[in-house]
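**Q** The structure is given below, and queries will be raised subsequently.
Only the coordinates and a few stated rules stand behind these numbers; no lab work does. Keep in mind the model is a prediction, meaning the values are calculated, not measured. Methodologically, a virtual Cβ is constructed for each residue, glycine included, from the backbone with ideal geometry; neighbour enumeration extends over all protein chains shown.
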Amino acid sequence: MSKFRILDYINQTVVAVKRFNEGEILKLYELGYRNFGFNRDSDLLNFNLDNNINKHFIGYLQTNKVKKIINQIDFLHSLSTQRLCQEIQKHRIDPLNCFIQVNLTNESTKNGISINELADFLLNIKKYDKINIVGLMTIGHPDDLELTKEAFKTLNSLKETYDLNYTSMGMSSDWEIAINNKADFIRIGTKLKEVI
Ligand SMILES: *Cc1c(COP(=O)(O)O)cnc(C)c1O
């Protein structure tokens with residue numbers, strides 16, 4: 001019997017690098033994973049596999065770190081402020097694929113814009129030619145799967161409303177809910193760690 005692999009369910013699995021050591025990363029690469037996700041600039045700067053991988057920044061990006069890392073990544077999953085847009089515009093060389101992070105679970109500690117700010121946000125960032133919006137990202141509720149399900153359903157319908165390409169949603173605890181709601185990218189660490 002073949003081993004459980006999230007790749008068998010979805011091609012655009014972003015491996016959350018923070019959960020793995022170097023040997024495990026190589027093993028994931030050998031298993032076929034090509035999308036790696038970072039939430040720390042230091043992890044990113046030390047990371048070298050080959051030119052066929054995509055590097056995703058999935059965590060909160062401080063504006064003072066932008067200059068250092070912005071030309072080393074292929075996707076940013078956490079765009080949520082004008083200030084960050086301005087910083088990217090200033091330092092990025094070619095257009096960067098970005099997901100706008102939307103907070104759909106009303107947790108005040110969580111980053112992301114609210115649903116009623118989304119239309120204006122999309123309009124306001126049209127002027128930045130270094131930002132290429134590819135979709136929307138959200139993070140589920142840490143312990144309420146019903147709220148998470150609602151959030152993922154909403155994210156998918158927002159994607160359609162605004163005619164965007166992708167959603168980024170689902171982590172180890174809720175990736176199946178994400179796939180049931182047509183996730184395009186899921187971001188997995190812990191669950192993969194268990195099986196390699
Ligand atoms: C760490 C992280 C993940 C993966 O989390 P797991 O629970 O280990 O799968 C996904 N998204 C973001 C933004 C993360 O920081």
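**Q** Please state, rounded to one decimal and in Å, the Kirkwood hydrodynamic radius that the chain gives when every pair of distinct Cα atoms enters the mean of 1/r.
**A** The answer is 17.0 Å.
**Q** Then there is this: Which order, highest average first, do 96-104, 115-123, 178-186, 153-161 follow once you tally other Cβ atoms within 10 Å for each residue and take the mean per peptide? Don't jump to the answer; show the numbers that get you there.
**A** Details: 96-104: 23.4, 115-123: 13.0, 178-186: 20.9, 153-161: 16.1.
For the peptides 96-104, 115-123, 178-186, 153-161, the packing ranking is 96-104, 178-186, 153-161, 115-123.
**Q** Separate question: Could you name the lysines in cross-link range of K55, using Cα to Cα under 20 Å and dropping any fewer than eight places away on the same chain?
**A** Within reach: K18, K27, K65, K67, K68, K130, K191, K193.
**Q** Positive end of the dipole of the chain, charges at C-beta (+1 Lys, Arg; -1 Asp, Glu), about the Cα centre: which of M169, N35, F152 has its Cα farthest in that direction?
**A** N35
**Q** If you stretched the chain out fully between N116 and K153, how much longer would it get, using 0.36 nm times the residue separation minus the C-alpha to C-alpha distance?
**A** 11.7 nm
**Q** If amide H atoms are built 1.01 Å from N in the plane of the peptide, which residues on other chains or at least 5 residues away come under 5 Å of the amide H of M137?
**A** I100, Q101, V102, S168
**Q** Can you give me the Cα centroid spacing of the stretch 9-38 and the stretch 95-126 in angstrom?
**A** So the two Cα centres are separated by 26 Å.
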